[in-house]
1. Check cross-link reach from Lys232 to the aspartates and glutamates: straight Cα distance under 19 Å, and skip same-chain residues fewer than eight apart.
2. On the Cα set of region 7-213, report Rg and Dmax in Å, please.
3. So if R0 is 35 Å, what FRET efficiency would Asn29 and Glu60 give, r being the distance between their Cβ atoms, rounded to the nearest 0.05?
4. Given points 7 Å out from each Cα along the Cα-Cβ axis, report the Ile123 to Asn94 separation in nanometres with one decimal.
5. Pairs Lys6/Lys223; Lys6/Lys111; Lys46/Lys86: which exceed 20 Å Cα-Cα?
6. Using 7 Å Cα-to-Cβ label points, what is the Ser136/Leu158 separation (nm, one decimal)?
7. If R₀ is 25 angstrom, what is the calculated FRET efficiency for the pair Glu68 and Met146, using the beta carbon separation as r and rounding to 0.05?
8. Rounding to the nearest 20 debye, state how big the charge dipole of the chain is about its Cα centre with +1 on each Lys and Arg Cβ and -1 on each Asp and Glu Cβ.
Amino acid sequence: MRNDFKISYSRINTYLFCSYKYKLIYVDNLYIPLNANITFGHIIHKSLESFHRGQRHSLEILFECYDEAWKNDGFAYPQQIFEYYKHGRQILKNYYKSFCKIKSKVLYVEKAFDTNIGKYRFIGIIDRIDKYPDGSYEIIDYKTHMKVWNQEDVDKDLQLSFYAYACKNVFNFYPSKISMYFLSENKKVYTKRLQNEILDAISIATTIAENIAAENFNPNISKCQNCDFKLKCKHSKYKTEK
Ligand code: SF4
């Protein structure tokens with residue numbers, strides 16, 4: 001096992017999609033080509049991080065953060081840049097309107113944790129942690145894609161289970177609220193995590209970490225059609241490169 005071996009939600013999620021894709025990214029160090037959705041997600045996360053780290057809050061300041069975070073990488077054509085930019089401003093306008101009404105205090109943004117699951121190092125970053133006047137906490141995960149997930153998908157989401165684990169084991173509090181914030185629709189979907197659900201997630205993470213450590217990287221060709229590497233992976237039937 002490499003000395004820098006670590007697991008995270010992204011790594012686990014990639015492994016679950018296709019373990020060979022995991023190898024391409026995290027062992028062979030291939031980069032996923034940027035696209036508009038990836039860049040846009042980074043821009044919105046960065047804008048909200050800068051906004052909440054600042055002392056003063058107004059819509060104008062939020063737009064300034066957005067302009068500072070903006071970059072054109074990954075967009076396919078100029079009109080697409082314009083459309084995403086406009087969409088982003090609308091997202092932030094709705095976000096700000098809701099932010100003005102919240103009763104909680106934004107305690108942390110982009111809060112990193114570094115802990116262990118069994119003998120494996122486990123890292124992650126939580127988008128936002130709020131504290132309410134009654135002393136309770138909420139962890140919030142931002143999503144920038146258009147589709148709002150249904151309750152069942154949010155309830156089963158592994159990432160939120162890992163965040164609940166981190167709050168308990170690293171930050172020493174248990175979040176009474178856990179939410180996925182679908183920014184495009186300005187809609188939050190709330191969920192909870194029971195101890196047994198957190199333990200199930202930890203068990204999945206441990207099993208995957210063991211498989212990664214054993215270098216079990218079998219291609220899952222049923223996923224090739226939706227894979228970033230479908231044009232270059234040697235196992236893909238869509239491969240065009242020699
Ligand atoms: S192209 Fe297919 S086999 Fe190759 S990494 Fe992607 S999903 Fe896995």
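We did not get these values from a lab; they are worked out from the coordinates using the rules stated. Remember, predicted model here, so these are calculated numbers, not experimental data. Because the Cβ atoms are built from the backbone with ideal geometry, glycine has one as well, and the counts that use them run over all protein chains shown.
1. Within the straight-line limit of under 19 Å, Lys232 reaches these aspartates and glutamates: Asp28, Glu241.
2. Computed over the Cα atoms of region 7-213, radius of gyration and Dmax are 17.8, 49 Å.
3. Working: r = 41 Å, r/R0 = 1.17.
Step by step, r from the Cβ atoms, then E = 0.30.
4. Spacing of the two 7 Å Cα→Cβ label points: 3.3 nm.
5. On the way: Lys6/Lys223 24 Å; Lys6/Lys111 18 Å; Lys46/Lys86 17 Å.
Those over the limit are Lys6/Lys223.
6. In this crude label model, Ser136 to Leu158 measures out at 2.9 nm.
7. On the way: r = 25 Å, r/R0 = 0.98.
Working from the Cβ atoms, E equals 0.55.
8. Dipole about the Cα centre, nearest 20: 200 debye.
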